[in-house]
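The values are calculated or read from the model by the stated rules, or taken from the named source; none is laboratory data. Predicted, not measured: the structure shown is a model, and the values here were computed from it. Here Cβ is always computed from backbone atoms with ideal geometry, including for glycine, and neighbour counts include all displayed protein chains.
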Amino acid sequence: MASRQAAVPAKPGSRARTARQTLTRREVTDAAIALVERDGLDGLTMRRLATELGCAPMSLYTHVSSRDDLVDAIVEQLIERLELHEQPGETWQQAVRRTLASYRDLAVQVPHAFELLALAPYDTSPVAPHLAGVLAGLEHAGLTADQARQVLGIVDAYASGFLVVWARSHAAERPSGAGVAAASTADVAGMRELATFDQGLEALIAGLDATLVSGARATDP
């Protein structure tokens, strides 16, 4: 009688992956975002991602050429999730509010991965066309090309800084200590609330209008 060998249990998902052979760049990116949200940015490695997908690490390179390419793929998908749709007849102020509300909501949905988008260089392939589209929307809403660049640069810096700090703080929240430390924490807690982000945005829009847009028109000779 032929001897029997004990079956070696496959890793979760590996059998299905071998049978279907349908791994796509989108699946790789989805899994990478989920991994980042669970383990943080430091947990994103090609080996760990391959384990999550139940495949050999080298097979990932069919879909992403390197970790940098993987990050670009994540950023591209995060931009898609923003779902920015220009509204006919909106003012530039409304366009700014709509755009930054989408960024804020994305930071809430994926606080760890959001940092990859917020801090991505402007000249990377996923980011450059995205920013060009936002600039075009601001121009359609009545700003000049120079005003659109200034406004976008300022509000992007505001949103990136605030939301990255918010996301990191939110992820690292711990029960506060006792006594003076607890009282001090309570006093400043509201500084990192999303309601404060919205209030700051309104103040920023008003300042931009006064100094770069309406105010600049009023002082033109």
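Miscellaneous remarks
- If the condition is being small (Gly, Ala, Ser), assigned to a helix (DSSP H, G or I) and surrounded by fewer than 16 Cβ atoms within 10 Å (Cβ to Cβ), then region 57-76 contributes only 59.
- Some residue of region 149-160 being farther than 24 Å from residue 196 by Cα and either touching a residue at least 12 places away in the same chain (Cβ under 8 Å) or of a type outside the set (Phe, Trp, Tyr) (or both): yes
- Qualifying residue in region 119-138 (condition: surrounded by 14 or more Cβ atoms within 10 Å (Cβ to Cβ) and closer than 21 Å to residue 40 by Cβ): yes
- In the set 86, 90, 80, only one residue is acidic (Asp, Glu) and either assigned to a helix (DSSP H, G or I) or more than 30 Å from residue 209 (Cβ to Cβ) (or both); that residue is 80.
- Scanning region 139-163 for residues that are closer than 24 Å to residue 29 by Cα and surrounded by fewer than 19 Cβ atoms within 10 Å (Cβ to Cβ) returns a single hit, 160.
- Subset of region 71-100 (residues that are under 13 Å from the mean Cα position of the chain (by Cα) and in contact (Cβ under 8 Å) with a residue 60 or more places away in the chain): 100
- Condition met for residue 186 (over 13 Å from residue 162 (Cα atoms), modelled with pLDDT of 95 or more and either assigned to a helix (DSSP H, G or I) or not polar (S, T, N, Q) (or both)): no
- Verdict on residue 37 being among the acidic types (Asp, Glu) and over 23 Å from residue 125 (Cα atoms): yes
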